[in-house]
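Undergrad: Sharing a structure with you now.
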Amino acid sequence: MTTSRSRRAIGAAALLTAGLVLSACGARVDAAGAGAPAAAPSCVDTSGNEIKVGFLNSRSGTMAISEKTVYDSLSLAAEQINAAGGVLGKQLEIVAEDGASEPTIFAEKAQKLIRSDCVAAVFGGWTSSSRKAMLPVFESNNSLLFYPVQYEGLESSKNIFYTGATTNQQIIPALDYLKEQGVTSLFLVGSDYVFPQTANKIIKAYGAANGIEIKGEEYAPLGHTDFATIVSKVRDAGAGAVFNTLNGDSNVAFFKEYRNLGLTPATMPVISVSIAEEEVGGIGVDNIVGQPVAWNYYQTIDSPTNKQFVDAFKAEYGANRVTSDPMEAAYTSLFLWKGMVEKAGSFDVAAVQAAAGGVSYDAPEGTVTVNGENHHIAKTALIGKIGADGLIHTEWTSGQPIEPDPYLKTYPWASGLAS
């Protein structure tokens, strides 16, 4: 469907003026799929006063608990951009589709957005399965996807910009933090799909190189709600901590069972990489208070830019709503695309790709900059703990943005993981 409802553009001009910082450095990613058939000519229409962009998020199914807020933040960003004059003088016309928590539907809707709706770029996806299902669609059509969620790394594409963290910006800092806390053994729990499986492969390689024993590894299907057996195995293993890569509403059942068996952050902490402020309410604060999480943004970041963002989001969607890392990365992605387009002076995909390197934005999480070689962005790592107020409070920070290293080339223990 095409959405056009008006939203209050609180702080739009200030965010735009302060946010975009362009530079001329950076290189293009090597073309993917060399020798593949040429993509059909773009049908993007730049002749009028509007330009179409696509939002593709799960607003139904097991991932809706996480993805609805991403759609909301993208809508807020579009409203603010339009209120401040649009992109190259054109207003954004949003074409929104529901990925329905199914990778095949994400691929089908991506094809529709590109070939039927003729959008200039698509913003969305959450699970790595959805991203990998869409990747060949964007590469074969030579279109652009902006993917807003932390993921397992070991990937780059000239047709995808990754505005969430890659492994060395989230998972490895989390492991470093646990090591600093004296953790010498881990139990791995995850959803049964690409991200947790690949993340755990990396975690096991890190553990082997850093003296951390892996005492168990268990997976559950997305949407799984019976964790009695898995949590019993976790309890009996007696690991120093649990590394949690569950996604979606499975986390609700897992943490309720964890608490039911008397396990606590003090006895066996669970560090999570897919639980943000939005999920805390669904899980129940009492079930998860005190547990650590690893991200690059929290609502509690104390900066004028973040305060403006949080105030605008709450004014638009309600004072009880919270902001979180994936939705902030999605919000940021629309402003980064705007910066790339305006640096290129064109909506043309090749021109945007060539202009991408070095484009920066003063985001709510702090300044982020696009790496033109791998299409990821530099991000500051944060370890936080969930408070009784339902918010996440920073316990540890990398102190400065970490350059993205999706293939972990700078980590000797990771050699061979990408093969």
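Undergrad: Ala239: over 23 Å from Ser128 (Cβ atoms), surrounded by 19 or more Cβ atoms within 10 Å (Cβ to Cβ), touching a Lys or Arg at 6+ places or on another chain (Cβ under 6 Å) and touching a residue at least 24 places away in the same chain (Cβ under 8 Å), yes or no?
TA: So Ala239 passes the test.
Undergrad: Separate question: Considering the stretch 128-153 alone, what residues qualify as being β-branched (Val, Ile, Thr) and open to solvent by less than 10 Å² (accessible area, probe 1.4 Å)?
TA: Listed by number, the list holds a single entry, Val149.
Undergrad: Here's a follow-up. Go through the residues of the stretch 276-296 one by one and say whether even a single one is open to solvent by 20 Å² or more (accessible area, probe 1.4 Å) and under 27 Å from Thr198 (Cβ atoms).
TA: Taking every residue of the stretch 276-296 in turn, at least one turns out to be open to solvent by 20 Å² or more (accessible area, probe 1.4 Å) and under 27 Å from Thr198 (Cβ atoms).
Undergrad: With the structure loaded, tell me whether Tyr331 is part of a strand (DSSP E or B) and in contact with a strand residue (DSSP E or B) (Cβ under 9 Å, 6 or more places away or on another chain) or whether it fails that test.
TA: no
Undergrad: Applying the selection to the stretch 340-395, what residues are basic (Lys, Arg) and within 18 Å of the chain's Cα centre (by Cα)?
TA: Residue satisfying the conditions is Lys379 alone.
Undergrad: Is it the case that Val53 is open to solvent by less than 20 Å² (accessible area, probe 1.4 Å) and not in a helix (DSSP H, G or I)?
TA: yes
Undergrad: Pick out the one residue from Ile114, Ile81, Ile65, Ile105 that is open to solvent by 30 Å² or more (accessible area, probe 1.4 Å), in a helix (DSSP H, G or I), modelled with pLDDT of 95 or more and aliphatic (A, V, I, L, M).
TA: Exactly one of Ile114, Ile81, Ile65, Ile105 is open to solvent by 30 Å² or more (accessible area, probe 1.4 Å), in a helix (DSSP H, G or I), modelled with pLDDT of 95 or more and aliphatic (A, V, I, L, M), namely Ile105.
Undergrad: Could you list, in sequence order, the residues of the stretch 301-314 that are in contact with an Asp or Glu (Cβ under 9 Å, 6 or more places away or on another chain) and among the β-branched types (Val, Ile, Thr)?
TA: Answer for the stretch 301-314, where residues must be in contact with an Asp or Glu (Cβ under 9 Å, 6 or more places away or on another chain) and among the β-branched types (Val, Ile, Thr): Ile301, Thr305.
Undergrad: Another question, if that's okay. Since Lys90 meets every condition but one in (1) touching a strand residue (DSSP E or B) at 6+ places or on another chain (Cβ under 6 Å); (2) open to solvent by less than 20 Å² (accessible area, probe 1.4 Å), which condition does it not meet?
TA: Condition (2) is where Lys90 drops out.
Undergrad: Can you list the helices (runs of 4 or more DSSP H) lying wholly within the stretch 224-323 that have 1 or more residues being within 23 Å of Thr167 (Cα to Cα)?
TA: 250-260, 277-283
The values are calculated or read from the model by the stated rules, or taken from the named source; none is laboratory data. As the structure is a prediction and not an experimental result, all values here were calculated from the model. Because the Cβ atoms are built from the backbone with ideal geometry, glycine has one as well, and the counts that use them run over all protein chains shown. We work out accessible area using only protein heavy atoms, side chains counted, and drop any ligands, DNA or RNA first. Shrake-Rupley method; radii C 1.70, N 1.55, O 1.52, S 1.80 Å.
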